[in-house]
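A.B. asks: The following block contains the structure, expressed as structure tokens.
The values are calculated or read from the model by the stated rules, or taken from the named source; none is laboratory data. A quick note: this is a predicted structure, and the numbers were derived from the prediction, not measured. A quick note on method: Cβ atoms are made from the backbone with ideal geometry, for glycine too, and the neighbour counts reach across all protein chains shown. With ligands, DNA and RNA removed, areas are computed over all heavy atoms of the protein, side chains included. Shrake-Rupley method; radii C 1.70, N 1.55, O 1.52, S 1.80 Å.
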Amino acid sequence: MSISPNVPSPQESYHYESAGTPRWIAVLFGVLFAAVAVLGFVGHEAQTKLEGDLSKQEDQNKVITAQLEQANTRLADLKGHLEVTEQKIGMTRAELAQASSRAEAIRKDQITSDKKLTEQLGAVQKESEEKISAVATDVTGAKKDIDATKTDLEATKGKLDRATGDMGVMSGLIARNHDDLEELKRRGDRNYYEFTVKKAKTPQRVGPIQVNVNKTDPKKSKYTMTVFADDREIEKKDRTSGEPVQFYVGNSRIAPYEIVVFKIGKDELTGYLSTPKEGGAPAAPAAAPAKQ
């Protein structure tokens with residue numbers, strides 16, 4: 001078999017291929033492999049560092065999480081306290097509102113009470129002023145009455161006088177009428193017995209004695225009477241109005257008894273008996289019928 005002169009033999013072909021591969025390619029591949037190795041190492045180191053950083057970050061996250069949970073717990077407690085505080089504040093506000101309402105009611109009651117008390121005090125003051133005015137009026141009236149009475153007493157005293165009795169003894173003050181006699185009674189110097197006796201067959205008692213009207217003469221203001229005292233009959237004849245008719249009773253001669261007649265009527269006499277204060281005579285015995 002013949003070989004074509006243009007086709008190379010296998011040895012030539014191999015030689016040709018081997019002779020045709022450049023050295024730099026091999027170097028390039030070596031460099032690339034080294035670079036890959038370096039990159040692998042650097043990547044591993046970076047991964048290791050990253051894993052360490054991630055582990056530290058996880059630990060920090062755990063700490064932060066724990067702190068967050070603790071903060072949440074504190075926040076929950078604070079929220080609970082806040083709610084309780086709000087409830088207490090709400091209760092306090094309600095109590096304050098209730099206290100304010102009670103204070104307002106008390107204030108209104110106090111105002112009403114003060115007003116009522118003021119009205120009562122005004123009424124009492126008005127009543128007191130009226131009573132005081134009335135008392136002042138009464139006092140003024142009483143003073144006028146006292147002054148008038150005093151004037152009357154002075155006038156009565158001026159009217160009262162002394163006289164010598166039918167026994168020659170100076171008598172005390174003589175009353176000329178009933179009012180004068182009341183003044184003598186107020187003085188109280190002696191005992192006084194007012195009387196009105198009529199002419200009769202039997203004597204009539206006047207104080208501690210008895211008298212009998214024998215005769216009256218109104219025109220001449222004269223009268224005659226018999227006095228029964230101390231177991232004696234004493235006739236007082238033709239005596240005049242206002243004249244002290246005197247006689248002694250008992251053993252005493254210090255002061256006589258006196259009869260003063262200040263009104264003479266027909267068969268009737270009006271006057272009074274005056275006796276000493278130190279004692280009266282024994283009661284006069286019943287007298288015999290008077291002679292007509």
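Residue-wise test of (1) touching a residue at least 40 places away in the same chain (Cβ under 8 Å); (2) open to solvent by less than 30 Å² (accessible area, probe 1.4 Å).
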| site | (1), (2) |
| --- | --- |
| 212 | yes, yes |
| 218 | yes, no |
| 223 | yes, yes |
| 228 | yes, yes |
| 240 | no, no |
| 249 | yes, yes |
| 267 | yes, no |
| 274 | yes, yes |
| 277 | yes, no |
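A.B. asks: Looking only at region 179-210, how many residues end up being of a type in the set (S, T, N, Q) and surrounded by 19 or more Cβ atoms within 10 Å (Cβ to Cβ)?
C.D. replies: 1
A.B. asks: Also: Condition (residue is β-branched (Val, Ile, Thr), assigned to a strand (DSSP E or B) and modelled with pLDDT of 95 or more) applied to region 225-239: is it met by at least one residue?
C.D. replies: yes
A.B. asks: Next question, about the same structure. Picking from 90, 141, 188, 158, which residue would you name as being within 30 Å of residue 253 (Cα to Cα) and either modelled with pLDDT under 80 or among the acidic types (Asp, Glu) (or both)?
C.D. replies: Going through 90, 141, 188, 158 in turn, just one is within 30 Å of residue 253 (Cα to Cα) and either modelled with pLDDT under 80 or among the acidic types (Asp, Glu) (or both): 158.
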